[in-house]
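The numbers here are math on the coordinates, done by the rules we state, and not lab data. Owing to the predicted nature of the structure, the values given are computational and were not obtained by experimental measurement. Here the Cβ positions follow ideal geometry from the backbone for every residue, glycine too, while neighbour counts run over all protein chains shown.
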Amino acid sequence: MDRTSQPDRQMDTVIKLEDARKIYQMGQQQVHALAGVNISFKQGSFWAIMGASGSGKSTMMNILGCLDRLTSGRYFLEGRDVSSLDDNALSEFRLRHLGFIFQSFNLITQLTVQRNIELPLYYLGWDAAQSARRAQELAGVVGLEDRLNHRPMELSGGQMQRVAVARALANDPQVLFADEPTGNLDTATGEQILALLCELHKQGKTIIMVTHEDHIASYAQKKLHMKDGLIDKIDEGTYEAN
């Protein structure tokens, strides 16, 4: 399927940055990690953020994922100015509306696959029966329904990343963030994870992925290139599924 030939969805803006700036104080020097970024991300879109080390791509991901705060400017998420929220409100908003997939999986080794998937639901106050049903449903989505009672060290890297994807989906997030999601995987397994992300996008998820590999970025609809804390250019993705 050619991603550009998907049925055209009427998409609303889910993320908007206005003159977004992030300054880090490094001794006597100020580092402008974001230097006045203006951009909108539409609901149901799939983006890849790229750039050299120090370009601002990781800072952009941390700001968009509500893991860090702007020094100045405004950040609207689902129409709400989250840049004005205090730390507790921001954490609550992140827990309820966002999902994260990390390069290093970030699974809890002492917990089973089911318990790892359920973890966000525990913090959301779901009861045990609801959480178990949701975890089992999501394990089926990522093809791990027969691994629910295994622990992470009993899984392959690809299976651990699938658990991470399922956990990221537990709260049915509005936006799914993927930070180098194939970085610790072999090529074939990485392609499987990318195919899974494409399927989630096809189902309507907004996905924002950080990668330094152009091949990985080509799976996205749009490639956002960062340079010196600013958007350098935006290219179209080129992925076509078999």
task = Before rounding to the nearest 500, sum -39500 (n - 2.57) across all DSSP H runs of length at least 4 in the chain and divide by the residue total; then give [θ] at 222 nm in deg cm²/dmol.
result = -10000 deg cm²/dmol
key: Residue range of the chain that is longest and free of trypsin sites (Lys or Arg not before Pro) which are both DSSP loop and sparsely packed (at most 15 other C-beta within 10 Å)   = 70-242
inquiry  = So if I place +1 on the C-beta of Lys and Arg and -1 on the C-beta of Asp and Glu, and nothing else carries charge, what would the dipole magnitude of the chain be about its Cα centre? I want it in debye, nearest 20.
reply    = 340 debye
ask   = Can you give the angle from 0 to 90° between the axis of helix 128-141 and the longest principal axis of the chain, with both taken from C-alpha atoms, to the nearest 10?
value = 80 degrees
message = Give me the Å³ per residue figure for the convex hull around the C-alpha atoms of the chain.
response = 138 Å³
ask   = Treating the beta-carbon of each Lys and Arg as +1 and of each Asp and Glu as -1, no other charges, what is the dipole magnitude of segment 47-175 about its Cα centre, to the nearest 20 debye?
value = 220 debye
request  = Note the angle between two axes, namely the Cα long axis of helix 113-124 and the longest principal axis of the Cα atoms of the chain, as a number of degrees from 0 to 90, rounded to the nearest 10.
outcome  = 60 degrees
key: Whole-number D in µm² s⁻¹ for segment 1-128, Kirkwood Cα-pair radius fed into Stokes-Einstein, 4 °C, 1.567 mPa s   = 76 µm²/s
